[in-house]
1. One residue is enough: does segment 244-264 have a residue meeting the conditions out of contact with any helix residue (DSSP H, G or I) (no Cβ under 8 Å at 6 or more places or on another chain), under 23 Å from residue 48 (Cα atoms) and within 16 Å of the ligand (Cβ to nearest atom)?
2. Give me a count of the residues in segment 247-272 that are outside any helix (DSSP H, G or I) and either at pLDDT 95 or above or crowded, with 24+ Cβ neighbours inside 10 Å (or both).
3. Within segment 165-186, work out how many residues are in contact (Cβ under 8 Å) with a residue 60 or more places away in the chain and surrounded by 15 or more Cβ atoms within 10 Å (Cβ to Cβ).
4. Answer with yes or no whether residue 233 is touching a helix residue (DSSP H, G or I) at 6+ places or on another chain (Cβ under 7 Å), over 15 Å from residue 17 (Cα atoms) and within 14 Å of the ligand (Cβ to nearest atom).
5. Residues of segment 273-292 being buried (at least 16 other Cβ atoms within 10 Å of the Cβ), within 15 Å of residue 28 (Cα to Cα) and at pLDDT below 85, which ones?
6. When you scan segment 190-202, how many residues do you find that are touching a residue at least 60 places away in the same chain (Cβ under 8 Å), surrounded by fewer than 23 Cβ atoms within 10 Å (Cβ to Cβ) and assigned to a helix (DSSP H, G or I)?
7. Go through 52, 94 for me and flag whichever is modelled with pLDDT under 95, away from the ligand (no atom under 13 Å from the Cβ) and part of a helix (DSSP H, G or I).
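The values are calculated or read from the model by the stated rules, or taken from the named source; none is laboratory data. Bear in mind the structure is a predicted one, so any value in this text is a computation, not a measurement. Cβ coordinates were reconstructed from backbone atoms using ideal geometry, including for glycine residues, and neighbour counts include every protein chain displayed.
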Ligand code: PHE
């Protein structure tokens, strides 16, 4: 069967940037930056982006394009025993998408609430009690929250329709959902920087605390953020680039994706902090207190700021939540597409529509647990463990597989054959030694922290069920493939390339 193709390179780039730019840019990046040294964190982030993010992105784009397969198939092409790395990647993706769509559902609900500023003055009480109906402890699962469940169904329907016809329908959607949030961000920026107090917020955001660069935590946060933000180690970039022609320019593509993702994050930071500066002036609460509220930033602090806007509050509230929603949707369906791509490779004769329906249904069913009254606790635990362990582990194995088994120099030669700008031998050293070494250190340090103090003080049974168990599962599939995969698949079908 002929492989699907993007109808133009621009649309591929739109889809890839749209996958990368998501809630991680608009909401996670700003508060992590402020928390870990402002401008200095930005420096760490950019260094990590260049030294880690970009080379791993090169690897993923090169693998997909070279092997013309989704995640599992691409690694199996290197060696059948390595298919587990691809499997683990899409498993991580599946776990993430199951809760990511729940957050997207909250964004959808808040878009509707924005028309009347339904959250009133007690935005915290509104979010936790009226929207989530949160239970006191993770032990009280409570009932399923029907409103969120309906929003979740709608979210999955959107995903279903976005990927139903594969690349063709994805292209139609990203034409809108890639530029729209950027335009909305710019509109919000114009509003933000013209508010009184905005400058204080921006100074707080960017004022560098260079001492923080001596702190390992800052670097480990930067690595985690780069991975999550570039959608690395989920098999997405491998899948998307497998729909490109084998001669596509990899270095140019990865550079455009990495720079755009970074710019969108920095832009979102300006929006968030200029607005928080205004809020701080109005409410007398310090910017640091406002910005370190973590996940609450989007659903507790921002609704409050939006209500405080001198004019057109509803209008800007709608803009803000539509921006979040449109940022989130293409990230969400890219995750689904990575899973679909793999199933499609494996069962080429099954109709794509059926695969899409199956994946969306299972994803929806897995997400229901996060719509319960204790869903937020579970979501928090899963998110922490997947991003701090599973992703890093998959990233580590990806670089090892390419660096040591396929051969970093061999992949680099292919990259250089098809790209206008060439990468030098330094790339091999990064892929073979530096990145794996740092990722191992990161895994060890995360492990040490989590063993010493239970994450956020959650009861150990939940840490095990929602935290370690998925990590063990991811590790298990890698091992299983490694032990059971016997047949070696040669790379014979693309003569002319290394
Ligand atoms: N990159 C997305 C973001 O920044 C998150 C994401 C991760 C999306 C993994 C898809 C896959 O929000």
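1. Yes, segment 244-264 contains at least one residue that is out of contact with any helix residue (DSSP H, G or I) (no Cβ under 8 Å at 6 or more places or on another chain), under 23 Å from residue 48 (Cα atoms) and within 16 Å of the ligand (Cβ to nearest atom).
2. 1
3. Count: 15.
4. Yes, satisfied.
5. Within segment 273-292, 290, 291 meet the criteria.
6. 6
7. 52
Every residue, every condition in (1) part of a helix (DSSP H, G or I); (2) modelled with pLDDT of 95 or more, yes or no:
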site: 128; (1), (2): yes, no
site: 138; (1), (2): no, no
site: 153; (1), (2): yes, yes
site: 160; (1), (2): yes, yes
site: 169; (1), (2): yes, no
site: 188; (1), (2): yes, no
